[in-house]
Structure formats: structure tokens, C-alpha cells
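This report refers to the structure that appears directly beneath it.
The values are calculated or read from the model by the stated rules, or taken from the named source; none is laboratory data. Values in this document were obtained by computation on a predicted structure and should not be read as measured data. We place every Cβ from the backbone using ideal geometry, glycine too, and count neighbours over all the protein chains shown.
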Amino acid sequence: MAVLFEIEHITTYSYANPVTFGRHRAMFLPRPAARGRLIDWSATTSAPSTIRWTTDALGNNVTEMEFSEPAKEMTFSFKVRGLHFGVEEAESFALEPRAETVPVQYTPDEWNDLLVYIRPHAEDPDGTVAAWAKSFVTDNRDRTTDVLRRMLDAFGDTFTYNAREAEGTQPPAETLRTKSGTCRDYAWLMIETLRRLSFAARFVSGYLYDATLDGGAVGTVGSGATHAWLAVYLPGAGWTHYDPTNRLSAGYDLIPVAIARHPGQAVPLEGSWFGNAQDYLGMSVNVAVRKLADIPDLSAG
């Protein structure tokens with residue numbers, strides 16, 4: 001079954017005096033893939049702008065905006081409607097034998113293609129992340145799905161979600177030390193942990209549908225904003241999504257927008273402005289992910 005969804009993503013920056021703006025770059029369009037279809041989308045700004053649509057080296061949809069007039073307030077409004085086909089839980093896939101136990105055995109071709117996602121990116125000066133990674137493996141024939149499930153449980157049982165206002169993503173070692181962070185911090189720590197076990201893992205930014213927004217009974221962390229999780233390459237299952245913030249493996253609630261080697265490559269909205277530093281008054285972000293209808297699988301039966 002597919003879901004007809006609508007996303008509205010509005011970001012507003014406020015200033016005490018008019019400021020000028022440099023080029024801005026946004027990632028809000030879900031990735032074109034077998035799991036979804038885009039129906040229509042739009043990007044508008046409160047100040048006059050020139051908008052260009054492009055893709056980056058990883059195939060992510062990118063919206064570039066350039067401005068010619070100063071303003072005291074700048075609002076970016078992104079809207080999209082589309083179909084989303086969820087993916088069943090990872091445990092329901094039949095992994096190839098070489099992926100059933102840790103370490104996963106990638107073919108030479110896979111290794112060449114996946115190397116940038118296997119090689120650790122973040123520093124681990126005292127080895128705490130590497131040690132934490134080893135703690136999830138009980139022996140050299142441990143089941144892959146069990147190791148991944150233990151990691152999800154570790155975040156759910158021992159970490160505290162912290163929706164801080166500071167921009168950016170914490171170093172994985174800091175998230176592990178404090179046992180707290182945002183969804184981006186959780187995803188980045190789990191990615192770097194998996195890489196130290198020779199898994200290919202990449203960062204995913206996108207949106208999270210929460211049934212409570214439509215009067216349902218299921219509550220998730222990260223709805224009402226952009227969300228982040230990760231994908232692990234498992235031969236037989238392919239790129240499988242894991243959300244450590246909500247203990248989700250695949251599922252029907254994750255709508256991917258951007259994939260990246262590290263979080264800095266998947267910033268939802270970034271750009272520059274020019275003026276006095278004290279002119280900046282703050283920003284607000286409002287994200288709504290709505291289910292408009294359930295679409296039956298017409299190919300069934």
C-alpha cells in the first residue's frame with residue numbers, strides 16, 4: 001500500500017534591520033526512487049529570488065536561490081506532494097549468506113563502490129567509539145540483524161534525546177560520552193560505529209510521518225521537523241534504513257530526501273547573509289507532514 005502525502009516546510013529568519021543575502025541551498029524534495037513518486041512541488045521566498053533546480057554528485061535534489069534585494073525578514077516556503085511506498089522491516093528480507101553474520105562480506109566490486117561509506121570519517125581520539133562498536137558483537141559468527149537490533153536498543157534504553165538549538169552535528173565521541181543528542185547526532189554515531197565494524201553506512205536526511213499528527217495513536221520523536229537516520233548496505237536487502245531515534249528498521253514512516261557520506265553534505269537549508277551580527281533576531285522552522293490518503297496496491301490480486 002502507498003500513502004499520498006503532503007509536506008510543508010517553512011523557515012523564517014528575522015533581523016532588526018534590512019540585510020542582504022547570499023546564495024542559499026535547500027534540500028527538501030524526496031529522492032526519486034522505487035519507494036516514492038513526486039506529484040508536484042514548489043519553492044517560494046518572501047523576498048524576490050531566482051530559483052534553480054539541480055542535483056548534487058549523490059543524486060540528491062537541490063534547490064538554489066539567489067537574491068537581489070535586502071529584507072528584514074526572509075521566509076522560505078517549500079511544499080511537495082507525492083506517493084510514498086514504505087519498506088517492510090529489515091528482518092523480513094532474506095539476506096544473502098555472506099551478509100547474515102558479522103562481518104558482512106562485500107564483493108570486490110561492492111567494496112570499491114562502497115569504500116567511502118565503509119571508511120570511518122570522524123575522529124575517535126581515545127578509541128571509545130571503536131570499543132563501543134565491539135561491545136555489540138558477541139562472537140565472530142554473530143547475526144547481523146542481532147547486532148543492528150542491539151544498537152537500536154542501546155539508543156532507546158540508555159540515551160536521552162536532546163533537541164538543542166545549536167546548529168550542526170556533534171562528534172560521535174561526544175554523543176557517546178554524554179549519552180544524549182539530536183536525531184542527527186544519533187544517526188552519525190551509529191554510522192561511525194557501524195563503519196568500525198566494516199559495515200557500509202550512510203547518513204540520510206528527510207521527513208518523518210507521525211500518525212499522531214492525523215489523530216493516530218503512535219508517537220515518534222522527530223516529527224514536526226526535518227529528521228535524520230541512516231542506511232546500511234546489506235547484500236540481499238540492499239540499502240536498509242535504520243532510525244536509532246525511534247528504533248525503526250525500514251518501516252513506512254521515513255521519507256528520505258538526501259543521502260550523504262557525512263551530515264555536512266545533507267543540510268536542509270544553508271546560505272549566507274550580510275549585515276551587523278547583532279541584527280540577527282532568530283529563526284523559526286515549521287514542518288508539517290500530512291497523510292492525505294491510503295492508496296491500495298492495484299497490482300495485488
For TRP273, only one of the following conditions fails: (1) touching a Phe, Trp or Tyr at 6+ places or on another chain (Cβ under 6 Å); (2) hydrophobic (A, V, I, L, M, F, W, C); (3) not assigned by TED's automatic domain parsing to the domain that holds ILE51. What is its number? (3)
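Would you pick out the residues in the stretch 114-133 that are without any contact (Cβ under 8 Å) to a residue 12 or more places away in the chain, assigned to a helix (DSSP H, G or I) and over 21 Å from the mean Cα position of the chain (by Cα)?
Applying the first criterion (without any contact (Cβ under 8 Å) to a residue 12 or more places away in the chain) to the stretch 114-133 yields 115, 127, 131.
Filter once more, so that each one left must be assigned to a helix (DSSP H, G or I): 115, 131.
ALA131, the sole residue that qualifies.
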All-but-one check, ARG25 against (1) more than 18 Å from the chain's Cα centre (by Cα); (2) in a strand (DSSP E or B), failing number (1)
For the stretch 162-183, how many residues meet the condition of being assigned to a helix (DSSP H, G or I) and buried (at least 24 other Cβ atoms within 10 Å of the Cβ)? 2
I need a count of the residues in the stretch 90-133 that are basic (Lys, Arg) and surrounded by 12 or more Cβ atoms within 10 Å (Cβ to Cβ). 1
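For every residue, the table says whether it meets (1) in a strand (DSSP E or B); (2) modelled with pLDDT under 95; (3) of a type outside the set (A, V, I, L, M).
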{"residue": "ALA258", "(1), (2), (3)": "yes, no, no"}
{"residue": "LEU281", "(1), (2), (3)": "yes, no, no"}
{"residue": "ALA293", "(1), (2), (3)": "yes, yes, no"}
{"residue": "LEU298", "(1), (2), (3)": "no, yes, no"}
Picking from ARG150, ARG141, which residue would you name as being assigned by TED's automatic domain parsing to the domain that holds LEU176 and not in a helix (DSSP H, G or I)? ARG141
